[in-house]
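A short reminder: the numbers here are calculations on the coordinates, not readings from a lab. Since we're looking at a predicted model, the values are computed, not measured. In this analysis, Cβ positions are derived from the backbone assuming ideal geometry, glycine residues included, and neighbour counts consider all displayed protein chains.
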Amino acid sequence: MRLVLMAATILAGTAAPALAQRAETVEQRLERVEQQLRAVQRRVFPGGRAQFVEPEIGSEPAAPTTTTTPTGDALMNLTARVDALEAQLRSLTGQVEEQGFRTRQLEQQIGQLRTDITARLDRLEAASRPAPAAEPPTQETTRPAPREAETAEPAAERPAAQPSSAEEAYNEGYRLWNARRYGEAQQALEAAATRYPSTRWTSWMRNLQGRAYLDDNKPATAARIFLANYQDNPQGERAADSLFYLGQALTRLNRRPEACRVYAELEQVYPNMRSTLRDGLPRARTEARCSGTAASR
């Protein structure tokens, strides 16, 4: 009988520490999962407020100095909390990975769009190369005008041929374009962009040069200029405009699917575009026969 009592006493003494050690393991597991959740939250919501974002995961918490023997219900509650937190962690991790995959897909689609447009413009320009032969008469018809001007006021006309600044060079091209002297505007803006290749007005010059070709019923050449202005200087002040008018040039070339993709890229790359462009987008998308909206795509 004494041996039985002694064995029972020894078993009772060893069962309590084992249960306490298990409870400590669950508690540490719970704290670790909570810290991981906060780290995931920091990546999903960068720059969040302090009450929602905690510091990075630190070292493992030290084991408590005092041990307690939790009841079976408390242990079950801790286990349930850990299971719920682990499920949330898996869900958040999956959402982050899915968002990264979608971002990579969008970047690939934009790169493919640029490649396709460049290749098709090359083919269109090669097919329409005989058309520029009609330009020399336009240029030659404009040449007598300067001769008359030189005869009348030679000193007054010479400074205008050499603008002293990029802004004046752009304004000269704009006056020609506004007067519908498209051939002269194309030449003046080409010379201005070549003379001032790295100023804030260069983006304006190239965009207006493309519009001069577009208004002159030469959409293939205009599309090439618009695309180059957007690709070479996407931060330029008229890069968004060039992307918008690239869509219009492609529509005239009966490349409507490509035009719709250009309009979608315009909305994605320049969400804060000028109101003039934003107001003109619905009509431009209608002319290109685009279906749905950018949000639905």
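Residue by residue, here is whether (1) in contact with a strand residue (DSSP E or B) (Cβ under 9 Å, 6 or more places away or on another chain); (2) under 30 Å from Val262 (Cα atoms); (3) without any contact (Cβ under 8 Å) to a residue 40 or more places away in the chain holds:
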{"residue": "Asp73", "(1), (2), (3)": "no, no, yes"}
{"residue": "Asn77", "(1), (2), (3)": "no, no, yes"}
{"residue": "Leu85", "(1), (2), (3)": "no, no, no"}
{"residue": "Arg90", "(1), (2), (3)": "no, no, yes"}
{"residue": "Gln99", "(1), (2), (3)": "no, yes, yes"}
{"residue": "Thr103", "(1), (2), (3)": "no, yes, yes"}
{"residue": "Glu107", "(1), (2), (3)": "no, yes, yes"}
{"residue": "Ile110", "(1), (2), (3)": "no, yes, no"}
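Could you please let me know if Gly236 is in a loop (DSSP other than H, G, I, E, B), buried (at least 16 other Cβ atoms within 10 Å of the Cβ) and touching a helix residue (DSSP H, G or I) at 6+ places or on another chain (Cβ under 8 Å)? So that I can check it myself, show each step before the final result.
Values: in a loop (DSSP other than H, G, I, E, B): yes; buried (at least 16 other Cβ atoms within 10 Å of the Cβ): yes; touching a helix residue (DSSP H, G or I) at 6+ places or on another chain (Cβ under 8 Å): yes.
Taking the combined requirement at face value, the residue satisfies it.
Inside the range 161-228, counting only helices (runs of 4 or more DSSP H) that do not spill past its ends, which hold 2 or more residues that are polar (S, T, N, Q), closer than 30 Å to Ala119 by Cα and out of contact with any His (no Cβ under 6 Å at 6 or more places or on another chain)?
182-195, 200-215
How about the range 226-242: which of its residues are under 11 Å from Gly210 (Cα atoms), among the hydrophobic types (A, V, I, L, M, F, W, C) and without any contact (Cβ under 8 Å) to a residue 60 or more places away in the chain?
Phe226, Ala228
Quick check on my filter: what residues within the range 243-267 are over 26 Å from Ser198 (Cα atoms) and touching a residue at least 60 places away in the same chain (Cβ under 8 Å)?
Once the filter is applied, which keeps residues that are over 26 Å from Ser198 (Cα atoms) and touching a residue at least 60 places away in the same chain (Cβ under 8 Å), the range 243-267 yields Leu250, Leu253, Arg255, Glu258, Arg261.
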